[in-house]
Amino acid sequence: MTLSQTSSPPAPPDSETVLEADGLTKHFAVRKSGRQALTRTPRVVHAVDDVTLRLRRGRVTALVGESGSGKSTVARLLAQLYPRTGGDIRLHGESVTVKGGRRFRAYNRKVQMIFQDPFASLNPVHTIRYHLTRALRIHGNGGSGHGKTGAAELQQALEQLLERVQLTPAARYLDKFPHELSGGQRQRVAIARALAADPDALLADEPVSMLDVSIRLGVLNLLRDLKERLSLAILYITHDIASARYFADDTMVMYAGRMVEGGSSEAVTQHPAHPYTQLLISSAPDPDRILGLGTPDDTEDTSGGEPPSLIEPPAGCRFNPRCPSAMDICRSELPPRFDVPVPVELSATVLAGTIDGESPHWAACWLFDENHGGTGTSGSTAPAGTEASQ
């Protein structure tokens, strides 16, 4: 049995939900020292709190945020590499909790992860042939009978894997060691190893951040092509919101362990609503802004300070100590998700790619609460063509 050839068209906007998290929470215990060891109050790091997201077949969802915001922890929770403190993970609608053994292996056949550093994720003492052969046999895709296969059949499966990630001719790469490949080639091998399981979802944890700028686009285009040809659901984790706009269908912004904004990538990146998202976009290099040619809507970084301690996070909105628009309620109450009006110029594009019944753009910010002078509404989608507040 060789790898199946799939040529299905891109999934429509109402595509199937493959993997979803509901109220996902992860707290890490902190070892006490000194006088703290005498207290009974547990101390934990609030790495992830109440994260809800959905990965759909044939779509890319980007998770954006600065270092330490909890993005990689979310990926490891979805991959079942960490036990979760709270919340639920559902695969094809069924709640899943695995700790090892056959159930963990069966889960990994459907959900695969691509790590940030391609050199660290490959064993330097083994060849590319070994890495891919082991993945094929573990997941039963290298031949019949639980991975038992002839040499010719296995060779064909290995060549198909490398062709999928555009490493051709395959014979040139199979017997090389990881250190003999470039960074981009190693990451393509890591992607091929993930595809050996024939997964439904890929969790890509900053897959291009360790690569040269000149080859990042090639890897992103490869992932986009695989998404379309294999109808994969992809979670793309990055700190570069510009690449999220280019690559992802939907974008969610994370700060200090919580989701603060989400929706269509076009809406989130073109008209950011949450002050933190505005800060992320303003920190990205912009030639027009450097030359003084920016538009009046360009947002400057007026915030100060650093991200808060996740051992003792601030009350209310976690961004309030740095937010230039913080109000009294921001310091005391956690904001829910408020729908953000869709600008006229984006309404047709954004709404065309939005899943039925979901908001095309939301923000967890009290500025969009009608009772506090905002324009958003909680629990209802803003009508198309409404101007966004500036």
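Amide H to amide H, with H built 1.01 Å from N, E16 comes under 5 Å of R57, counting only residues 5 or more places away or on other chains. With a Förster radius of 30 Å applied to the beta-carbon distance between A171 and D212, the computed FRET efficiency rounds to 0.70. Name the residues of segment 92-132 whose amide N is less than 14 Å from a point 7 angstrom out from the Cα of L81 along the C-beta direction? Counting backbone N atoms under 14 Å from the label point, the list is 108, 111-123.
The slack in the chain from E16 to V44, taken as 0.36 nm per residue of separation less the alpha-carbon distance, amounts to 6.5 nm. Between S283 and R229, the FRET efficiency from the beta-carbon distance, with R0 = 41 Å, is close to 0.75. Residue by residue, segment 44-61 carries 3J(HN,Hα) couplings of 9, 8, 7, 5, 9, 10, 6, 8, 10, 8, 9, 10, 10, 4, x, 9, 10, 10 Hz when phi is fed to the Karplus relation 6.51 cos²θ - 1.76 cosθ + 1.60 (θ = phi - 60°); x denotes Gly or Pro.
Rounded to a whole number, what is D in µm²/s for segment 71-163 from Stokes-Einstein with the Kirkwood radius over alpha-carbon pairs (25 °C, 0.890 mPa s)?
Working: Rh = 15.2 Å.
The Stokes-Einstein estimate is 161 µm²/s.
S67 label point, 7 Å along Cα→Cβ, cut-off 20 Å on backbone N: hits in segment 255-277? Output list for this probe position: 255-258, 277. Projected label points at T52 and E370, each 7 Å from Cα along the beta carbon direction, are separated by 2.0 nanometres.
Among 204-215, 254-265, how do they line up by average Cβ neighbours within 10 Å per residue, starting with the highest? Display every interim value, and only then the final one.
On the way: 204-215: 17.8, 254-265: 25.3.
Put in order of decreasing packing, that is 254-265, 204-215.
Every number here is computed from the coordinates shown, using simple stated rules; none is lab data. Here the structure is a predicted model, which is why all the values come from computation and not from measurement. Quick reminder, even Gly has a Cβ in these numbers, built from the backbone with ideal geometry, and neighbours come from all protein chains shown.
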